[in-house]
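Worksheet: one structure, shown below.
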Amino acid sequence: MTGSYEAGAALRVAPTARATLRAAPAAPAAVLDVVVPVYNEETDLGPCVRRLHAHLSAHFPYPFQITIADNASTDTTLAVAEALAAELPAVGVLHLDAKGRGRALRAAWSASSAPVLAYMDVDLSTDLAALLPLVAPLISGHSDVAIGTRLARTSRVVRGAKREVISRAYNLLLRGTLAARFSDAQCGFKAIRADVAAGLLPLVQDTGWFFDTELLVLAQRAGLRIHEVPVDWVDDPDSRVDIVATAYADLRGIGRLSRGLLTGALPLAELREQLGRAPLAAPPGRLPAGLPRQLARFAAVGVASTLAYLLLFVATRGVLGAQPANLLALLVTAVANTAANRRLTFGITGRRHAGRHHLQGLLAFALGLALTSGSLAVLHAVATVPGRPVELAVLVAANLAATVLRFVLLRFGMHHRRT
């Protein structure tokens, strides 16, 4: 049960990453292609693929393909992968000469002829019982992208406090900066329809760990339906992810993607027209225009923005210093805050007057910057080396004052013009 690959797969790989494909003989066309990206996994690869193959053979009701995507391994991983392909039906091998999980997924998904594409980490931290619920909505056409989430209330997760805090902080940061509505960007358990992947992959620039986040943000902005599946997940104690390097790369990715969304460099309108689902017509008068509801929604957006601001400030404080970190954190969250309030608080959709609204948001940003920078300057004048809790407390107080000014400015600029 193996799907054939399209000819010329190596041509769709980045020029710096030559890909070589070795697959089993042709068989009934695969409905699902599960990609397992690996780098120096000679020990875990065999048990992982055999367990995955046994599960799919016993529980998946359609033809499937397993693709081992080798990211320039320097040990015997490639030899192990080729032996598995010779041993097990429906197992293929894709070898790349350069590292990067995003690079491996782009190459494997672009080369596959299966209508539904998925991937999972080689450690199989996620319970395989969630695989069919993950891909079923894509096979039926109900959804476009599917992700496993470790942050749902019904998920069962075993991992250390450090990784738990980092994961939740990262997803809060995405909500504040990129207005992400999905709950878990980095769980190594995702699937996508092949026609949707063909439209999104050319726009995804990252070749590493930020690949997942960038793909999901573009899918959301294109109006695609993202299906979430609560998973049972057990942390791999042998994980080789460099947390500091990954966090730095993720922050750079967030900045780059935010810039592309803000400047209009990404063709989201064309993508939405090509792939997105038609918007539902809201009943007349459904969106609230009254002050009490606006205040409640503005407060909710403000809380999320403040949390994202503090997380970004703390993440960059040690590298940039207090004032530059404050500027970066405030600018990123101000843009996201304006977009969120425009849609959620004041009920404004579409691009009409969007430029004017963001200029008003930048004016509020300038006032907030003056308040927070002035507060930091006064604090550092009073105490030469203030403690981090005191510094954060001063910033929270200054942000509260800036929030009041922001609401007045945005309500005047958006609400009255809308009515």
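Among the residues of the range 57-75 satisfying the criterion of being farther than 12 Å from ALA30 by Cα and hydrophobic (A, V, I, L, M, F, W, C), which is farthest from the chain's Cα centre (by Cα)?
Taking the range 57-75 and keeping what is farther than 12 Å from ALA30 by Cα, we get 57-59, 68-75.
Adding the requirement that they be hydrophobic (A, V, I, L, M, F, W, C) leaves 58, 68-69, 72.
On the way: ALA58: 32, ILE68: 23, ALA69: 21, ALA72: 25 Å.
Out of the qualifying residues, it is ALA58.
Out of the range 207-226, which residues are in contact with a Gly (Cβ under 7 Å, 6 or more places away or on another chain) and either assigned to a loop (DSSP other than H, G, I, E, B) or open to solvent by 20 Å² or more (accessible area, probe 1.4 Å) (or both)?
Of the range 207-226, the ones in contact with a Gly (Cβ under 7 Å, 6 or more places away or on another chain) are 207-208, 210-211, 213-214, 222-224.
The answer is THR207, GLY208, PHE210, ALA222, GLY223, LEU224.
Looking at the range 154-189, which of its residues are under 13 Å from TRP233 (Cα atoms) and either open to solvent by 20 Å² or more (accessible area, probe 1.4 Å) or of a type in the set (Gly, Ala, Ser) (or both)? Steps first, answer last, please.
Step one: of the range 154-189, the residues under 13 Å from TRP233 (Cα atoms) are 154-160, 163-164, 184, 186-189.
Listed by number, the residues that qualify are THR154, SER155, ARG156, VAL157, VAL158, ARG159, GLY160, ARG163, GLU164, GLN186, GLY188.
Which numbered condition in (1) under 19 Å from ASP121 (Cβ atoms); (2) of a type outside the set (Phe, Trp, Tyr); (3) open to solvent by less than 30 Å² (accessible area, probe 1.4 Å) is the only one that ASP242 fails?
So ASP242 meets the others, but not (3).
Residues being touching a helix residue (DSSP H, G or I) at 6+ places or on another chain (Cβ under 9 Å) and surrounded by fewer than 17 Cβ atoms within 10 Å (Cβ to Cβ): count how many of those fall in the range 298-326. Explain how you work it out, then say what you get.
So in the range 298-326, the residues touching a helix residue (DSSP H, G or I) at 6+ places or on another chain (Cβ under 9 Å) come out as 298-302, 304-320, 322-326.
Imposing the further condition that a residue be surrounded by fewer than 17 Cβ atoms within 10 Å (Cβ to Cβ) reduces the set to 299-300, 307, 314, 318-320, 323-324.
Final tally of qualifying residues: 9.
Can you tell me which residue within the range 2-56, out of those that are hydroxyl-bearing (Ser, Thr, Tyr), at pLDDT 55 or above and touching a strand residue (DSSP E or B) at 6+ places or on another chain (Cβ under 8 Å), is least open to solvent (accessible area, probe 1.4 Å)?
Quick first cut of the range 2-56, residues hydroxyl-bearing (Ser, Thr, Tyr) only: 2, 4-5, 16, 20, 39, 43.
Among the residues that remain, those that are also at pLDDT 55 or above are: 20, 39, 43.
Now narrow it down to the ones that are touching a strand residue (DSSP E or B) at 6+ places or on another chain (Cβ under 8 Å): 20, 39.
On the way: THR20: 39, TYR39: 78 Å².
So, considering only residues that are hydroxyl-bearing (Ser, Thr, Tyr), at pLDDT 55 or above and touching a strand residue (DSSP E or B) at 6+ places or on another chain (Cβ under 8 Å), the one least open to solvent (accessible area, probe 1.4 Å) is THR20.
Out of everything in the range 366-406 that is open to solvent by less than 50 Å² (accessible area, probe 1.4 Å) and of a type in the set (S, T, N, Q), what residue ends up being farthest from PRO324 (Cα to Cα)?
Checked the range 366-406; the qualifying residue farthest from PRO324 (Cα to Cα) is THR403.
For the range 252-274, name all the residues that are among the aliphatic types (A, V, I, L, M) and assigned to a helix (DSSP H, G or I). Give the derivation first.
First, pick out the residues of the range 252-274 that are among the aliphatic types (A, V, I, L, M): 254, 257, 261-262, 265-266, 268-269, 271.
Matches in the range 252-274: ILE254, LEU257, LEU261, LEU262, LEU268, ALA269, LEU271.
Of these, GLU228, GLU214, which one is in contact with a strand residue (DSSP E or B) (Cβ under 6 Å, 6 or more places away or on another chain) and modelled with pLDDT of 90 or more? Steps first, answer last, please.
Numbers: GLU214 fails: in contact with a strand residue (DSSP E or B) (Cβ under 6 Å, 6 or more places away or on another chain).
So the residue among GLU228, GLU214 that is in contact with a strand residue (DSSP E or B) (Cβ under 6 Å, 6 or more places away or on another chain) and modelled with pLDDT of 90 or more is GLU228.
Does ALA146 fit the bill of being modelled with pLDDT of 95 or more, part of a helix (DSSP H, G or I) and either of a type in the set (D, E, K, R) or on the phi < 0 side of the Ramachandran plot (or both)?
Values: modelled with pLDDT of 95 or more: yes; part of a helix (DSSP H, G or I): no; either of a type in the set (D, E, K, R) or on the phi < 0 side of the Ramachandran plot (or both): yes.
Spelling it out, it is not the case that ALA146 is modelled with pLDDT of 95 or more, part of a helix (DSSP H, G or I) and either of a type in the set (D, E, K, R) or on the phi < 0 side of the Ramachandran plot (or both).
Looking only at the range 259-279, which residues are within 17 Å of ALA179 (Cβ to Cβ) and basic (Lys, Arg)?
ARG259, ARG272
For the range 268-297, give me the residue count where each residue is open to solvent by 70 Å² or more (accessible area, probe 1.4 Å), at pLDDT 70 or above and more than 21 Å from ILE226 (Cα to Cα).
Within the range 268-297, the subset open to solvent by 70 Å² or more (accessible area, probe 1.4 Å) is 270, 272-274, 277-282, 284-287, 291-293, 295, 297.
After this cut, where a residue has to be at pLDDT 70 or above as well, the list is 270, 272-274, 277-279, 293, 295, 297.
From what is left, the residues that are more than 21 Å from ILE226 (Cα to Cα) are 293, 295, 297.
Residues that pass the stated criteria total 3.
Look at VAL135 and say whether it is in a helix (DSSP H, G or I), more than 30 Å from PHE313 (Cα to Cα) and more than 17 Å from the chain's Cα centre (by Cα).
yes
For the range 96-127, how many residues meet the condition of being in contact with a helix residue (DSSP H, G or I) (Cβ under 6 Å, 6 or more places away or on another chain) and open to solvent by 10 Å² or more (accessible area, probe 1.4 Å)?
Residues that pass the stated criteria total 6.
The values are calculated or read from the model by the stated rules, or taken from the named source; none is laboratory data. Worth saying up front: this structure is predicted, and the values here are computed from it rather than measured. Cβ coordinates were reconstructed from backbone atoms using ideal geometry, including for glycine residues, and neighbour counts include every protein chain displayed. These area figures cover heavy atoms from the full protein model, side chains too; ligands, DNA and RNA do not enter into them. Shrake-Rupley method; radii C 1.70, N 1.55, O 1.52, S 1.80 Å.
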